[in-house]
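Worksheet: one structure, shown below.
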Amino acid sequence: MNRVYIKTYGCQMNERDSEAVAALLRARGYRIVQDEDACDVMLMNTCSVRDMAEQKAIGKAGYVAQKKKRNPRFILGILGCMAQNRGATLLDALPDVDLIVGTQKFHQVPDYLDNLRAAQEAGTVLPTRIVDIAEETGSQNTIRDHVLEEKQVSAFVSIQQGCNMDCAFCIVPKTRGDERSRPMDEIVRECEQLADRGVKEITLLGQIVTSYGRRDYAHTDGVTPFVQLLERVNAIPGVRRIRFTSPHPRGFKDDLIQAYGRLEKLCEYVHLPMQSGSDRILKAMNRPYSRDRYRQIVDDLRRVRPDMYFSTDIIVGFPGETEGEFAQTRDLFAACDFDMAYVFKYSIRTGTPAADMGDQIPDEVKEARNETLLKILEANSNRRNATLLGTTQEVLVEGPDKKGIGFMGRTRGNRIVHFAASERLIGELVPVKINRVSTAVLYGELQLAGVGV
Ligand code: 5AD
C-alpha cells in the first residue's frame, strides 16, 4: 500500500519539486514507482501557465479517480501550481481527490499521506480530505533533497521561488508567490554534494533567476548576487557544466554578459525569453525592455561568445496584437537566429491583467502566427546543425538513447547527440565527431584518444 507514482506536468521547476517530494517520500518508507498502473497513491504535480495544461491534468485526474471504485483505498493527490491556483474549488470538478497541496507545502506531502492512510486504517467512513495551499515563510528552502539514480549526470538545483515581475499574461506570481531566494551557502553546499555524488552538470532553477538574492546580498564590484553564485558554482571542482533557467532580459547587465567570457563552465547556451518583438506589446505585457534592447543583449552575448546558442519563449496573439506588431516579432525572431524556441498561443489566465484586456485574438490567427515562427525556427535550426557537420563536439554522456540503440548526450550548446558508446562512459565528457544531422538531433562517432582523430 505504499507505492507512489508521481506524474509531473510543466516546467523544470515542477520536475525538481517532484523529485524533492519523491526524496522525502522515500525517506519516509514509501516506494516511488514508474508504473502508473501499479501504484497505491498517485500524485499529480500540475502546471497552470496555460489553460491547456490545466485541462490536461483535470482530464487525467477524472480518469484516474475511477480507480477508487475498484480500490477505495487508492489515494489521489493534486500538487503544485494548479492546486495553488484553484484550491478547494478543484473538488467541484474532482470530488474524489484526497489531497490538494500548493506550491509552498510540498514538504508536507509525507505527513499528509501518512495522515490519510491512518484515517483509512481507522476506518473513517466519511471521505477524509486534506487541502493546504497556505503560504509558508522559508518554503523556498525546502526544495533541497535529491533522488539520485545510479550514475546521474545532471541535476536541477532550485535557487529561488516565486516572481514579482507581474507580466500581464502570467499566472506564476499567483501560483508561486513572492520572489524568495535560498541562502547562497546552502545552494553551493548542495551543488558540492551533488558533485561528490558524481553529478557533472548543474542547472540552477528559478522563475526569475537573474534576480536571485537581490534583497539578501550586496553587489560586489558591480557583480550581482546571481553572478556571484555562478562564480561560486564554477569554482566547485567536480562540476563541469553550469546552466540556468529562466532569466529575465532585464538581468543581462554587463556582469552577466562578461561571465560568459570568464566562467569556463558556464555553457554557451542561454534561454532568453523575448515574448514579443513589438515595443507596444512588450509594454502592454509589462515587460520592461524594448526590441532594440533585446537585440543588443543577443549581440553583446555573441560578441563575448561567438558560438553562443540561443533559445527563447514567444507568445503569439497577446490581446490587441496587430499583423504589424506580429511582423515585428517575426522579424526580430528571425534576426536573432534562435537555435531553439518555445512558441505559445496566448491563453487567458483568470486573475491576470491581460485576461481583462479587450481585443482577444481569434484562435486561427494565433495558429497562423505560431506556424510562421515555427517555420523560421526549423530553418534556423537546420542551418545551425549543418554548420556542425564534420566538427568534433564535447558531449556529456547522459545514458542510453530512448530507442535503446545507442547512447545520448548533449553538447555545451544543448544539442542532443546520439552515438555508439558504452555504459562506462556515462557521466564522461567525450569528443564526438558529428557526421549526420536532423532538425532536432545530431548523430556522431566517438573520437577515442589517439584513434580516428
Ligand atoms: N499564455 C501563453 N503563454 C504563456 N506563458 C506564460 N503565460 C502565458 C499565457 N497566459 C509562456 C511565456 C513564458 C512561458 C513559460 O510560458 O512565454 O515564458
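What the table shows:
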{"quantity": "Region 124-161: number of residues that are touching a strand residue (DSSP E or B) at 6+ places or on another chain (Cβ under 7 Å) and acidic (D, E)", "calculated": "1"}
{"quantity": "Residue among K433, K403, K375 that is more than 16 Å from the ligand (Cβ to nearest atom), open to solvent by 60 Å² or more (accessible area, probe 1.4 Å), assigned to a loop (DSSP other than H, G, I, E, B) and not aliphatic (A, V, I, L, M)", "calculated": "K403"}
{"quantity": "Residue selected from region 236-245 under the condition part of a loop (DSSP other than H, G, I, E, B) and under 16 Å from I187 (Cβ atoms), by the criterion most open to solvent (accessible area, probe 1.4 Å)", "calculated": "G238"}
{"quantity": "Residue tally, condition assigned to a loop (DSSP other than H, G, I, E, B) and in contact with a helix residue (DSSP H, G or I) (Cβ under 8 Å, 6 or more places away or on another chain), over region 137-158", "calculated": "6"}
{"quantity": "Leading residue by the ranking (least open to solvent (accessible area, probe 1.4 Å)) among those in region 26-79 that are charged (D, E, K, R), away from the ligand (no atom under 16 Å from the Cβ) and assigned to a loop (DSSP other than H, G, I, E, B)", "calculated": "D40"}
{"quantity": "Residues of region 406-430 that turn out to be over 19 Å from M340 (Cβ atoms) and open to solvent by 40 Å² or more (accessible area, probe 1.4 Å), as a count", "calculated": "6"}
{"quantity": "Restricting region 306-320 to residues that are touching a strand residue (DSSP E or B) at 6+ places or on another chain (Cβ under 9 Å) and part of a loop (DSSP other than H, G, I, E, B), the residue that is nearest to L377 (Cα to Cα)", "calculated": "M308"}
{"quantity": "Candidate set: region 159-179, residues that are open to solvent by 40 Å² or more (accessible area, probe 1.4 Å) and touching a helix residue (DSSP H, G or I) at 6+ places or on another chain (Cβ under 8 Å); chosen: the one farthest from the ligand (Cβ to nearest atom)", "calculated": "N164"}
{"quantity": "Residues located in region 33-63, provided they are within 26 Å of the chain's Cα centre (by Cα) and free of Cβ contacts under 8 Å to residues at least 24 places away in the same chain", "calculated": "Q55, G59"}
{"quantity": "Pick from region 301-326, criterion within 25 Å of the chain's Cα centre (by Cα) and open to solvent by 10 Å² or more (accessible area, probe 1.4 Å), ranking: farthest from the ligand (Cβ to nearest atom)", "calculated": "D307"}
{"quantity": "Residues located in region 180-194, provided they are farther than 17 Å from G138 by Cβ and open to solvent by less than 20 Å² (accessible area, probe 1.4 Å)", "calculated": "V188, C191, L194"}
{"quantity": "Filtered residue count, region 353-372, keeping only those that are assigned to a helix (DSSP H, G or I) and either exposed (fewer than 15 other Cβ atoms within 10 Å of the Cβ) or on the phi > 0 side of the Ramachandran plot (or both)", "calculated": "6"}
{"quantity": "Which numbered condition L442 fails, given (1) out of contact with any Lys or Arg (no Cβ under 7 Å at 6 or more places or on another chain); (2) under 23 Å from K265 (Cα atoms)", "calculated": "(1)"}
{"quantity": "Failed condition for A218, given (1) aliphatic (A, V, I, L, M); (2) part of a loop (DSSP other than H, G, I, E, B); (3) closer than 30 Å to S48 by Cβ", "calculated": "(3)"}
{"quantity": "Flag if G324 is over 17 Å from I257 (Cα atoms), part of a helix (DSSP H, G or I), of a type in the set (G, A, S) and out of contact with any Leu (no Cβ under 7 Å at 6 or more places or on another chain)", "calculated": "yes"}
{"quantity": "Inter-residue pairs, beta-carbon under 9 Å, first among the hydroxyl-bearing types (S, T, Y) and in region 155-178, second more than 16 Å from the ligand (Cβ to nearest atom) and part of a strand (DSSP E or B), 6+ apart", "calculated": "S158/L204"}
{"quantity": "Failed item, numbered, when G123 is tested on (1) open to solvent by less than 20 Å² (accessible area, probe 1.4 Å); (2) without any contact (Cβ under 8 Å) to a residue 24 or more places away in the chain", "calculated": "(1)"}
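Every residue, every condition in (1) of a type outside the set (K, R); (2) assigned to a loop (DSSP other than H, G, I, E, B); (3) away from the ligand (no atom under 16 Å from the Cβ); (4) in contact (Cβ under 8 Å) with a residue 12 or more places away in the chain, yes or no:
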| site | (1), (2), (3), (4) |
| --- | --- |
| P247 | yes, yes, no, yes |
| L256 | yes, no, yes, yes |
| A259 | yes, no, yes, yes |
| P273 | yes, yes, no, yes |
| I281 | yes, no, no, yes |
| N286 | yes, yes, no, yes |
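The values are calculated or read from the model by the stated rules, or taken from the named source; none is laboratory data. For clarity, every value in this text was computed on a predicted model and none was experimentally measured. All Cβ positions, glycine included, derive from the backbone under ideal geometry; neighbour counts span all protein chains shown. Each accessible area value is taken on the protein alone, full model and side chains, heavy atoms only, with ligands, DNA and RNA left out. Shrake-Rupley method; radii C 1.70, N 1.55, O 1.52, S 1.80 Å.
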